[in-house]
1. Quick check: is even one residue across the range 163-177 within 16 Å of the ligand (Cβ to nearest atom), within 30 Å of residue 55 (Cα to Cα) and of a type in the set (Ser, Thr, Tyr)?
2. Taking the options 98, 58, 142, name whichever one is closer than 26 Å to residue 185 by Cβ, more than 8 Å from the ligand (Cβ to nearest atom) and open to solvent by 20 Å² or more (accessible area, probe 1.4 Å).
3. Any chance the range 84-92 includes a residue that's hydroxyl-bearing (Ser, Thr, Tyr), more than 9 Å from the ligand (Cβ to nearest atom) and assigned to a loop (DSSP other than H, G, I, E, B)?
4. Just give me the residues in the range 122-137 being of a type outside the set (A, V, I, L, M) and open to solvent by less than 60 Å² (accessible area, probe 1.4 Å), in sequence order.
5. Look through the range 158-194, keep the residues that are under 19 Å from residue 276 (Cα atoms) and charged (D, E, K, R), and return whichever of them is least open to solvent (accessible area, probe 1.4 Å).
6. Return the pair list, or none, for Cβ contacts closer than 6 Å from residues in the range 139-167 that are at positive phi to residues that are within 10 Å of the ligand (Cβ to nearest atom) and open to solvent by less than 20 Å² (accessible area, probe 1.4 Å), at least 6 apart or on different chains.
7. Mind telling me which of the residues 238, 263 ends up being more than 27 Å from residue 103 (Cα to Cα), open to solvent by less than 50 Å² (accessible area, probe 1.4 Å) and in contact with a Pro (Cβ under 6 Å, 6 or more places away or on another chain)?
8. Going through the range 41-55 one residue at a time, which ones are hydrophobic (A, V, I, L, M, F, W, C), more than 22 Å from the chain's Cα centre (by Cα) and either near the ligand (Cβ under 9 Å from one of its atoms) or not in a loop (DSSP other than H, G, I, E, B) (or both)?
Amino acid sequence: MIPAAFDYERAETVEQAVDLLGRHEDAKLLAGGHSLLPLMRLRLARPSFIVDIDRVAGLDYVKEVSTGLEIGALTRMAVLARNETLWKQCPLLAYVCGQVGDPQVRHRATIGGSVAHGDPASDPPTALLTLDAEFVVRGPSGERTIPASTFFKSVFETDLGVQDVLTAVRVPKLGAGAGWSYQKFHRRAIDWAIVGVAAIVERSNGHVGKVAVGLTNMGSTPLRAGAVERALASKEASPESLRAAAEHAPEGTSPVSDTNASSEYRSELSKVLVRRALEEALTR
Ligand SMILES: Cc1cc2nc3c(=O)[nH]c(=O)nc-3n(C[C@H](O)[C@H](O)[C@H](O)COP(=O)(O)OP(=O)(O)OC[C@H]3O[C@@H](n4cnc5c(N)ncnc54)[C@H](O)[C@@H]3O)c2cc1C
């Protein structure tokens, strides 16, 4: 289908984008366009004004900062999936960006667009939630930082206001003792996750130290599997304790039923994927 009529302006700077969003009712930012344009073609989104930020300079980078790494919002998935610094300091995110769609999608989709879109089936938001990432946002009253833990509100709903531009994502570096895994279950390589699981596990003296587990497509937002984390913390890193902890995966979730899988199937699948993710994380 053809999108409904809209006006269009290209912003050269973040400030100009914030200003344009404020001057036009029902305006939307356009970055890589790989989520917004399909919605517009289906007329599920009908913005009357598009602010194109795709060529705003200076938002495409990965750099080390005091708290870890900072990634510019317009950095493409394909760039992140092969970025050496990211692979060295935060391999979970580099790997997950390489699991998004296909090469064509990854060469257009931006990390900022993936976060701002707020799709619970997206892979990078789950990795970012598991990593305790922070999002840097510029709006009419200046800059603020929002933790991933409070950013995602519901399906396609985030903490971003109508005039806000997400400018960067900050992630901590993974410590030397931290293993990681992302398990994505899908039928074809290009597909979104039926369920996805991110895990970061630290091992100390044969026991599990810090553990973080995130879930993709198990509710209206990316979720942390808190019950799994609590069940595993300080336990012996044995196959039995991993298996027992993984049984808690569906607690506190509300997966949808759709043409790919029923809610019950997703709940069972989450247990299997959490166990696999924990096992892999402990071997890395
Ligand atoms: C065929 C196909 C397969 C895909 N498969 C996967 C997959 O397997 N896993 C996965 O995770 N994703 C998948 N995607 C989604 C893809 O990763 C999205 O394009 C990406 O998540 C959104 O980024 P974008 O730059 O294209 O954003 P856009 O489509 O440009 O924007 C998306 C939304 O975010 C807003 N926005 C964009 N940038 C900003 C910003 N800087 N600040 C504030 N708001 C902003 C826009 O206004 C819009 O509402 C797939 C997409 C396609 C088309």
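1. Yes, some residue in the range 163-177 is within 16 Å of the ligand (Cβ to nearest atom), within 30 Å of residue 55 (Cα to Cα) and of a type in the set (Ser, Thr, Tyr).
2. Result: 98 is the single residue among 98, 58, 142 that is closer than 26 Å to residue 185 by Cβ, more than 8 Å from the ligand (Cβ to nearest atom) and open to solvent by 20 Å² or more (accessible area, probe 1.4 Å).
3. No - not one qualifying residue is present in the range 84-92.
4. Across the range 122-137, the qualifying residues are 122, 123, 124, 125, 126, 130, 135.
5. Checking each candidate, the answer is 184.
6. Going by the 6 Å Cβ cut-off, the qualifying pairs are 156/118.
7. Selected residue: 263, the only one of 238, 263 that is more than 27 Å from residue 103 (Cα to Cα), open to solvent by less than 50 Å² (accessible area, probe 1.4 Å) and in contact with a Pro (Cβ under 6 Å, 6 or more places away or on another chain).
8. Across the range 41-55, the qualifying residues are 49, 50, 51.
The values are calculated or read from the model by the stated rules, or taken from the named source; none is laboratory data. These numbers come from a predicted model, not from an experiment. For neighbour counting, all protein chains shown are included, and Cβ atoms are generated from backbone atoms with ideal geometry for every residue, glycine included. Remember, those area values only see protein heavy atoms, side chains included, never the ligands or the DNA or RNA. Shrake-Rupley method; radii C 1.70, N 1.55, O 1.52, S 1.80 Å.
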